[in-house]
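Data first, discussion second: the structure below is written as structure tokens.
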Amino acid sequence: MIRVLVWNEFYHEQNKEHVREIYPDGIHGEIAKFLGADEEITVRTATLDDENCGITKEILDETDVLIWWGHVRHKLVPDEVAYLVRDAVLEGMGAIFLHSAHHSKPFRYLLGTSCNLTWRESGDSEILWVTEPSHPITRDIDRFFTLEHEETYGEPFVIPTPDKLLLISSFSGGEVFRSGCLYERGNGKIFYFQPGHETFPTFKVPEVQSVIKNAVHFVAPSFRREINCPHVRKYNDPEGYVIVK
Ligand code: ZN
């Protein structure tokens, strides 16, 4: 079984009526619902309101894939929490960052750039074009799929060049954007997937669900291992040099 933790800022759904109408159980609830239908996946959720943001080392140790959605409250996630996520990915935990999570602390700490982009909120339609037709994440998409309305994200997207670019998008206003980016950092696999603005029912679209579900299977680790030099002194160990297991 793949153990998934879906993390959501869970702010707009509680504060904007039209967002609550689309996602009455929150974006995390919507994602948990369609992932939970996969017999090989078990899902838990956590939100910013939970104690310690619902993220501890113990919880991450029991998580194979973390999915992250955040937008206007990135700064309220403590650095300590973001570093826990970063370190778990470096050990091998898979991570999927959705839409405005491009500016989340864990994503930026893992990629090391500003992750800034161009954006415009005008309800353009979006076509997502598959650039890697044989990749497991895009296996259920033929050549492209269309979203009737999405927030426009445009280049330049200030990210390191992806290890693999699986999807590029064109918007009816003319912008283009790298909308499906795959990375490896340490032992972990990271997938960034651009659709998912809170005012549109994007996470109910079958193709979007399929990409996220396939991504869960792809970034899930076969095993995890802490990356350490065995003779390095643990920073908090008063006994001195130890073999780190
Ligand atoms: Zn948005």
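The values are calculated or read from the model by the stated rules, or taken from the named source; none is laboratory data. If you're wondering where the values come from, they're calculated on a predicted model, not measured in any experiment. So basically every Cβ, Gly included, is an ideal-geometry build from the backbone, and we count neighbours across all protein chains shown. Heads up: the accessible areas ignore ligands, DNA and RNA and are worked out on the full protein's heavy atoms, side chains in. Shrake-Rupley method; radii C 1.70, N 1.55, O 1.52, S 1.80 Å.
Every listed requirement among (1) within 16 Å of the ligand (Cβ to nearest atom); (2) modelled with pLDDT under 95; (3) not polar (S, T, N, Q) is met by His197 save one, (2). On the basis of being of a type in the set (Lys, Arg), more than 18 Å from the chain's Cα centre (by Cα), surrounded by fewer than 20 Cβ atoms within 10 Å (Cβ to Cβ) and closer than 23 Å to Val4 by Cα, does Arg139 make the cut? Answer is yes for this residue. Cβ-Cβ contacts under 6 Å between residues 6 or more apart (or on different chains), taken from a first residue in region 118-134 that is more than 16 Å from Arg178 (Cα to Cα) to a second residue that is more than 12 Å from the ligand (Cβ to nearest atom) and outside any strand (DSSP E or B), are listed as Asp124/Ser172; Asp124/Gly173. Looking across Phe223, Phe218, one residue alone is farther than 14 Å from Leu98 by Cβ and either in a loop (DSSP other than H, G, I, E, B) or free of Cβ contacts under 8 Å to residues at least 12 places away in the same chain (or both). It is Phe223. Right, Phe191: part of a loop (DSSP other than H, G, I, E, B), within 15 Å of Leu98 (Cβ to Cβ), open to solvent by less than 50 Å² (accessible area, probe 1.4 Å) and in contact with a strand residue (DSSP E or B) (Cβ under 9 Å, 6 or more places away or on another chain) or not? So Phe191 does not fit the description; no.
Does region 174-189 contain any residue that is of a type in the set (Val, Ile, Thr), away from the ligand (no atom under 16 Å from the Cβ) and within 20 Å of the chain's Cα centre (by Cα)? Checked region 174-189: no residue is of a type in the set (Val, Ile, Thr), away from the ligand (no atom under 16 Å from the Cβ) and within 20 Å of the chain's Cα centre (by Cα). Output yes when any residue across region 155-164 is closer than 22 Å to Phe203 by Cα and at pLDDT 95 or above, and no when none is. No - not one qualifying residue is present in region 155-164.
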